[in-house]
Amino acid sequence: DVKVTQSSRYLVKRTGEKVFLECVQDMDHENMFWYRQDPGLGLRLIYFSYDVKMKEKGDIPEGYSVSREKKERFSLILESASTNQTSMYLCASSFWQGFRYEQYFGPGTRLTVT
Amino acid sequence: DAKTTQPNSMESNEEEPVHLPCNHSTISGTDYIHWYRQLPSQGPEYVIHGLTSNVNNRMASLAIAEDRKSSTLILHRATLRDAAVYYCILRGQGAQKLVFGQGTRLTINP
């Protein structure tokens, strides 16, 4: 089974702190994604990476950065956390071959910024 | 990205079939139709996808209209565990991103 793991299920941080959210996948997938999910707004793509050290902005990249130094690990960084970044953060990786395409999601990290 | 329209919520009874509709009138000829679902307190999971023909797998069936402007996800015999938000998503050929809408919240009554 494909496994996407996220470093924490719940995280509480203070305004202004630097926050690292880690995601690891064990299936050698090239593409990895970070989303945030908020009530009424659904899942929104923050950043994705299609290879090591390669990244592309999603729909809402402001206030975030990412790092992908190894194929299996994709980190989301909040340089200076703010209360409006309180959200559920979901990481995913994707498999693509011909007709087949699937994204596999981690369990999510619920981040609260106080 | 072409847009999809789904009902906000639906309700059904356990052990009955469920038909979840999705409209995508602006679909292009090379867009794939994907369905994902999100169980409570979990990340989304893949359900099924198709291009032109109807598709079946162990989880569900996907019925695609002949003009491809709509599709229906069919759960043949719903269980309580099928209560989730179901997302219908269009993905362009070669595209690596998925754009999630609001989905349909499915409630299953015992």
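The values are calculated or read from the model by the stated rules, or taken from the named source; none is laboratory data. Worth saying up front: this structure is predicted, and the values here are computed from it rather than measured. Here the Cβ is made from the backbone with ideal geometry for all residues, glycine too, and neighbour counts use every protein chain on show. Surface accessibility is based on the protein's heavy atoms, side chains included, excluding ligands, DNA and RNA. Shrake-Rupley method; radii C 1.70, N 1.55, O 1.52, S 1.80 Å.
Below are the figures for this structure:
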| read-out | value |
| --- | --- |
| Test: residue in segment A:50-61 that is in contact with a Ser or Thr (Cβ under 8 Å, 6 or more places away or on another chain) and closer than 17 Å to A:Met88 by Cβ | no |
| Per-region count, segment A:8-49, residues crowded, with 20+ Cβ neighbours inside 10 Å, away from chain B (no Cβ under 13 Å) and either in contact with an Asp or Glu (Cβ under 7 Å, 6 or more places away or on another chain) or more than 14 Å from A:Cys91 (Cα to Cα) (or both) | 0 |
| Strands (runs of 3 or more DSSP E) contained in segment A:51-114 and holding at least 3 residues of a type outside the set (A, V, I, L, M) and more than 30 Å from B:Asp31 (Cβ to Cβ) | A:65-70, A:109-113 |
| Sole residue being touching a helix residue (DSSP H, G or I) at 6+ places or on another chain (Cβ under 8 Å) and away from chain A (no Cβ under 14 Å), chosen from B:Ile108, B:Ile27 | B:Ile108 |
| Residue list for segment A:20-67, restricted to those being under 24 Å from A:Ser82 (Cβ atoms) and of a type in the set (Lys, Arg) | A:Arg36, A:Arg44, A:Lys55, A:Lys57 |
| Enumeration of residues in segment A:1-20 that are part of a strand (DSSP E or B) and out of contact with any Phe, Trp or Tyr (no Cβ under 8 Å at 6 or more places or on another chain) | A:Thr5, A:Tyr10, A:Leu11, A:Val12, A:Lys13, A:Val19, A:Phe20 |
| Hits in segment B:1-50 - residues which are farther than 23 Å from A:Gln37 by Cβ and small (Gly, Ala, Ser) | B:Ser12, B:Ser25, B:Ser28, B:Gly29, B:Gly50 |
| Residues of segment B:70-110 that turn out to be open to solvent by 30 Å² or more (accessible area, probe 1.4 Å), touching a Leu at 6+ places or on another chain (Cβ under 7 Å) and under 23 Å from B:Thr52 (Cβ atoms), as a count | 2 |
| Selected residue (only one of B:Ile74, B:Ile33, B:Ile27 is in a loop (DSSP other than H, G, I, E, B) and of a type in the set (A, V, I, L, M)) | B:Ile27 |
| Residue pairs meeting the criteria (Cβ under 6 Å; at least 6 apart or on separate chains; first more than 12 Å from chain A (Cβ to nearest Cβ), in segment B:46-59; second of a type in the set (Gly, Ala, Ser) and assigned to a strand (DSSP E or B)) | B:Asn54/B:Ala63 |
| Exclusive hit being away from chain B (no Cβ under 12 Å) and over 16 Å from B:Arg91 (Cβ atoms), set A:Tyr64, A:Tyr89 | A:Tyr64 |
